[in-house]
1. Go through segment 20-26 residue by residue and turn each phi into a ³J(HN,Hα) via Karplus (6.51, -1.76, 1.60, θ = phi - 60°); whole Hz please, and just put x for glycine and proline.
2. Each residue of segment 117-133 in turn: what ³J(HN,Hα) in whole Hz from Karplus with 6.51, -1.76, 1.60 and θ = phi - 60°, glycine and Pro shown as x?
3. For segment 47-144, what is the largest minus smallest coordinate of the Cα atoms on each principal axis, given in angstrom and ordered from greatest to least?
4. Cα convex hull of segment 12-210: how many Å³ per residue?
5. Can you tell me the dipole magnitude for the chain around its Cα centre, using point charges on the Cβ only (Lys, Arg +1; Asp, Glu -1), in Debye to the nearest 20?
Amino acid sequence: MNETTLTAKHISRTAALGVTVLCATLFVALATVVTLHHGLPLPLDRSMHVWSVRHRPALAVSLARGITATGTGVFPYACAVAAGLIAGRDTRGRICAVVGAVGFLALGQAARSGLLHLIGRPRPATADWATHASGFAFPSGHATTSALMAGLLAWAIAGRARPALAHAGCVLLVSWAIAVGLSRVYLGVHWPSDVLGGWLFALAWLGLGAVLIPLCRATARRG
């Protein structure tokens, strides 16, 4: 491995660490504000929620429900499997990548669930809901899961596709994850700060993976 490659990898790991620290810090700050407000909506939460409730034509609601459905259930794990299959270069590599991607997603969801119950923020009033929801609100599960899925698929595509195709794919994936998060606000089942918290948590988790996975690989090779 030449010096240029080593330098590029070092820069990449440093950037990933920076993203992890920044997003984790912002998440903790937001979670602290939500907790200190006893779960009550923040000023921007209330105004965006009211706008969403007042602007719900039937077609828009149907579209939002379709988008929001892709952020939960079997679909996220199917995407994680797809990411592993894309990333792997042979049968053994694909199996390892699939297991790693699914495990990464599952651990992220477990960590988010723990924080969800620890913070215990209530959702908006059920009278304002335009879809089914359950459990506490912060951080949003759909926002977190869709962002993690987008990150896993972007990682897989970036390693296999041509730069132009990889860039286009990443833009589409990020746009989709944003749409899933916003659909939760539009359908009235989450405050905007719940969605922002989900995005920050997902970015911190993805950044942590980007830092730790290469280190684990290097340790395994040395062993």
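1. Values per residue, Gly and Pro as x: 4, 5, 5, 5, 5, 5, 5 Hz.
2. 6, 5, 7, x, 7, x, 7, x, 4, 4, 5, 9, 6, 10, 7, 7, 7
3. Principal extents (largest minus smallest coordinate, Cα): 52, 35, 19 Å.
4. 117 Å³
5. Here the chain has a charge dipole of around 460 debye.
Any read-out appearing in this document is the output of simple, stated calculations on the displayed coordinates, not a laboratory observation. Predicted model, so just to flag it, every value in this text is computed and none were measured. Neighbour counts are summed over all protein chains in view; Cβ atoms, including those assigned to glycine, are modelled from backbone coordinates with ideal geometry.
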